[in-house]
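J.: The structure's right below; bear with me while I get my questions together.
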Amino acid sequence: MGASGAGKSTLMNVLTFRNRGKLKIDGDIRVNGVPVDKSKISNISTYVQQDDLFVGTMTVREQLTFRAMLRMDKRKHTQERLQKVDEVLHELGLQKSADTIIGVPGRIKGISGGEMKRLSFASELLTNPPLMFCDEATSGLDSFMAHSVIQSLKTLVSEGRTILCTIHQPSSDVFELFDEVFLLAEGRVAFSGPVSDALEFFKSNGYPCPNNYNPADHFVITLAIEPGQETHCRERVKNICDNFEASEANKEIMEKTKEMSSHPEEHLQQVMDSLKESSRYEASIIQQVKCLFWRSWITNIRDPMVVRIKFIQTVFFALILGLVYLKTNDDYEQKDIMNINGVIFIIITNLSFYHVFSVLNVFPFEVPIFMREYGTGLYSAGVYYLSKTIVEIPFLIIIPIIYMSILYWMSGLIQDGAAFINATGVSILISNAASSFGYVISTAAPSTTAALAIAPALMIPFLLFGGFFLNSGSTPDYLIWLKYISWFYYGNEMLVVNQWEDVNNIRCSSGPSCVPNGELVISTLNFDQDNFYLDLGLLFVLIAAFRIIAFLILLIRAKRSSL
């Protein structure tokens with residue numbers, strides 16, 4: 001405990017080797033006298049952070065099952081893992097809400113705040129760690145929920161675990177549940193020992209706790225630096241810290257620490273055994289893929305309204321555009337050239353914007369969860385990225401097929417089965433290229449709002465150099481590189497060639513400037529029939545390049561967050 005800025009979170013981060021940044025740290029960290037590093041402390045402990053981060057569309061049981069499959073000892077069978085899930089649910093009183101959706105505050109109704117906090121502890125208890133660190137365990141909870149959560153921790157302590165917990169303004173009944181208190185002030189130790197001894201220590205220093213007053217409030221207020229009285233408060237804090245440093249209680253702690261450091265084998269056989277199991281939490285790649293794909297799939301389909309809207313929207317726009325460009329045969333005249341080229345580019349544009357915007361929230365929404373789980377070594381960044389992108393593939397195939405099946409035959413595109421299959425295949429590739437570009441924005445953007453603001457600005461240049469608004473042969477030399485990284489350009493050239501290459505006659509009612517056949521339409525746009533397969537290959541290259549770039553951005557963000 002301690003006032004704001006006393007160093008509670010910094011101490012917790014130092015002990016757990018997390019978020020140290022550029023802190024200069026002296027000394028070493030020992031568990032019962034045994035020196036530990038980041039991997040060893042992770043192996044015998046768990047860190048329950050202040051914010052409860054979960055995928056809200058999962059149930060409590062599914063969340064624990066997911067963690068059990070990835071975090072528990074790889075030597076345990078599936079049945080043993082599921083049994084452990086049931087035990088933890090019982091241990092923390094979560095049986096009634098086991099099959100309830102976790103929920104997202106403000107969006108999806110789910111479990112209560114107290115249950116969510118207990119779920120945080122349950123997620124970490126699956127590995128049965130002997131040591132637990134908890135940051136602000138009662139933050140955001142009312143007094144009843146706070147008491148319930150700390151009582152759960154008290155039960156865990158009675159079963160042989162050690163729990164270190166930072167806490168903010170506990171009520172008197174919550175404070176009484178703690179065995180020992182470690183008070184910090186200005187980065188120094190003001191007291192360490194049993195709660196009852198703390199009251200006596202402060203009384204002996206001239207700061208007795210008033211009757212019927214919460215001891216926790218008394219300690220925090222006494223050690224706080226009040227605005228306007230900084231000099232006086234710092235002097236008071238210095239005296240208290242100096243007095244504790246010179247006290248018999250502190251000398252006893254130092255002697256005990258020195259003794260344990262000299263003979264660690266007498267005190268830590270169990271923990272030393274744990275330290276030897278260096279790969280205790282590492283699930284195999286196959287197991288990671290299975291679990292993450294399962295969670296991603298649940299996230300995608302758990303809300304049927306979203307899935308339904310995707311398909312309704314696809315059918316609706318296809319019908320509307322089909323009615324706008326309505327033509328039920330391929331007997332073309334001059335005015336049809338503009339209409340057909342227009343519908344081709346509308347197909348590309350509509351599919352591109354739809355699929356870019358549909359993936360913009362994929363990563364910003366889950367990045368905090370990913371950062372935390374990646375930081376604890378739950379899975380690798382590559383497996384997470386792969387699962388999130390693979391689970392979108394069915395939609396990237398089915399939606400273009402539905403879209404083209406309606407619009408192709410309504411808009412007067414060439415009435416040929418092979419041409420329809422080619423056009424549908426190209427539309428699937430365009431959708432995948434657009435979504436891959438969307439992943440680049442999604443992984444780079446700090447939030448969904450930022451991604452939505454950035455995406456249109458970045459897509460307009462690709463749109464301009466797609467060969468519809470600007471003739472392909474008119475592209476300025478200094479901007480030609482934009483044309484070659486535009487899926488609009490490759491998709492447009494392929495669909496135009498697919499449409500016009502076998503059209504041998506276009507009726508001309510009057511005028512000398514008639515375009516008599518499809519080949520001339522292609523050449524007028526500065527497209528080349530021989531480029532069809534080259535464009536096909538380059539679309540695949542673009543899809544791969546965008547996805548690799550997106551993965552590298554995600555990996556860099558993950559590495560930076562774990563420093």
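The values are calculated or read from the model by the stated rules, or taken from the named source; none is laboratory data. On a predicted model such as this, the values are computed, not experimentally measured, just so you know. Positions of Cβ are backbone-derived with ideal geometry, glycine not excepted, and every protein chain shown enters the neighbour counts. For accessibility, only protein heavy atoms count, side chains too; no ligands or nucleic acids. Shrake-Rupley method; radii C 1.70, N 1.55, O 1.52, S 1.80 Å.
J.: At a 4.7 angstrom Cβ threshold, list every cysteine in the chain that has nobody to pair with, or say none.
T.: Cysteines of the chain left without a disulfide-compatible partner: CYS209, CYS233, CYS241, CYS291.
J.: Using Stokes-Einstein with the Kirkwood hydrodynamic radius over Cα pairs, what translational diffusion coefficient do you get for region 34-140 at 10 °C and a viscosity of 1.306 mPa s, in µm²/s rounded to a whole number? Don't jump to the answer; show the numbers that get you there.
T.: Working: Rh = 14.5 Å.
Here the translational diffusion coefficient equals 110 µm²/s.
J.: Oh, and also: Kindly sort CYS134, CYS514 by accessible area of their heavy atoms, largest first, with the probe set to 1.4 Å. Each step should come with its number before you reach the end.
T.: Details: CYS134 0, CYS514 35 Å².
Most to least solvent-accessible, the answer reads CYS514, CYS134.
J.: Stick to the Cα atoms of region 313-375, pair each with every other, and give me the Kirkwood hydrodynamic radius in Å at one decimal. Don't skip to the answer; put the middle values down first.
T.: Values: mean 1/r = 0.0677 Å⁻¹.
Result for region 313-375 stands at 14.8 Å.
J.: Whole Å is fine, so just give me how far the alpha carbon centre of region 435-504 lies from that of region 322-386.
T.: Going from one Cα centre to the other spans 12 Å.
J.: Could you look at the chain and say what percent of its accessible area is carbon and sulfur, using a 1.4 Å probe and all protein chains?
T.: Numbers: 15850 of 27360 Å².
On the chain, the fraction of accessible area on carbon and sulfur atoms equals 58 percent.
J.: Check which residues have an amide H placed less than 5 Å from LEU184's amide H, if you skip close sequence neighbours.
T.: Close amide H contacts, sequence-distant or interchain: GLY2, ALA190.
J.: Give the Rg (one decimal place) followed by the Dmax (whole number) of region 316-422, computed from C-alpha coordinates and expressed in Å.
T.: 19.6, 65
J.: For the chain, just the Cα set please: Rg and Dmax, both in angstrom.
T.: Using the Cα atoms of the chain, the pair Rg, Dmax is 32.0, 109 Å.
J.: Semi-axes of region 281-337's equivalent ellipsoid from the Cα gyration tensor, sqrt of 5 times each eigenvalue, largest first, rounded to whole Å?
T.: Details: eigenvalues 419, 52, 8 Å².
Here the semi-axes work out to 46, 16, 6 Å.
J.: Kindly write out, for region 139-150 in residue order, the coupling ³J(HN,Hα) from the Karplus curve 6.51 cos²θ - 1.76 cosθ + 1.60 (θ = phi - 60°), rounded to whole Hz, with x marking Gly and Pro.
T.: 4, x, 9, 6, 4, 5, 5, 4, 4, 4, 5, 5
J.: Helix 285-301 sits at what angle to the longest principal axis of the chain, using alpha carbons and giving 0 to 90 degrees rounded to 10?
T.: 70 degrees
J.: Then there is this: May I ask you to give the average projected area over all directions of the convex hull of the Cα atoms of region 133-249, in nm² rounded to one decimal?
T.: Working: hull surface 32.5 nm².
Reported value for the Cα convex hull: 8.1 nm².
J.: Could you work out the relative contact order of the chain, using alpha carbon pairs under 8 angstrom and six or more residues apart, expressed as a whole percent? Show your work: numbers first, answer last.
T.: On the way: 749 pairs, mean separation 85.1, N = 563.
Answer for the chain is 15 percent.
J.: According to the Cα gyration tensor, what semi-axes, each the square root of 5 times an eigenvalue, does the equivalent ellipsoid of region 352-483 have, listed from largest to smallest in whole Å? The partial results should precede the final answer.
T.: Numbers: eigenvalues 203, 91, 28 Å².
Three semi-axes, in Å: 32, 21, 12.
J.: Something else about it: Stokes-Einstein diffusion coefficient for region 14-54 at 25 °C in a medium of 0.890 mPa s, Rh from the Kirkwood formula over Cα pairs: what value in µm²/s? Write out the running numbers ahead of the final one.
T.: Details: Rh = 11.8 Å.
In µm²/s, the coefficient rounds to 208.
J.: Moving on. For VAL14 and ILE397, calculate 0.36 nm times their separation in residues minus their Cα-Cα distance, and state this gained length in nm to one decimal. Please list the in-between numbers first.
T.: Details: separation 383, 0.36 × 383 = 137.88 nm, distance 4.85 nm.
Additional length available on full extension: 133.0 nm.
J.: Over all directions, average the projected area of the Cα convex hull of region 449-541 and note it in nm². Please report the intermediate quantities before stating the final value.
T.: Numbers: hull surface 32.4 nm².
So the mean shadow area of the Cα hull is 8.1 nm².
J.: Let me ask another. Roughly what % antiparallel, to the nearest 5, for the DSSP beta bridges in the chain? The partial results should precede the final answer.
T.: On the way: 10 of 22 bridges.
Among the beta bridges of the chain, antiparallel pairing accounts for roughly 45 percent.
J.: If the limit is 24 Å between Cα atoms, which of LYS8/LYS117; LYS24/LYS251; LYS40/LYS258; LYS8/LYS84; LYS74/LYS154 go over it? Spell out each step's value before the answer.
T.: Numbers: LYS8/LYS117 20 Å; LYS24/LYS251 26 Å; LYS40/LYS258 21 Å; LYS8/LYS84 33 Å; LYS74/LYS154 29 Å.
Check vs 24 Å cut-off fails for LYS24/LYS251; LYS8/LYS84; LYS74/LYS154.
J.: Let me ask something additional. Given the options VAL497, ASN32, THR10, identify the residue whose Cα lies farthest towards the positive end of the charge dipole of the chain (+1 on Cβ of Lys, Arg; -1 on Cβ of Asp, Glu).
T.: VAL497
J.: Ordered by packing density, taken as the mean number of other Cβ atoms within 10 Å over each peptide's residues, highest first, how do 156-168, 75-87, 46-58 rank? List each step's numbers first, then the result.
T.: On the way: 156-168: 15.4, 75-87: 13.6, 46-58: 18.7.
The peptides rank, most packed first, as 46-58, 156-168, 75-87.
J.: Right, next: Helix-derived [θ] at 222 nm for the chain: sum -39500 (n - 2.57) over DSSP H runs of at least 4, divide by residue count, nearest 500?
T.: On the way: 24 runs with 340 residues, N = 563.
So the helix-based figure for the chain works out to -19500 deg cm²/dmol.
J.: Right, something else. Can you compute the radius of gyration and Dmax for region 182-229, using only the Cα atoms, both in Å?
T.: So, for region 182-229, Rg and Dmax equal 10.9, 33 Å respectively.
J.: For the chain, report the accessible area per residue in Å² (1.4 Å probe, heavy atoms, rounded to an integer).
T.: Details: 27360 Å² over 563 residues.
Counting only protein heavy atoms, the per-residue value for the chain is 49 Å².
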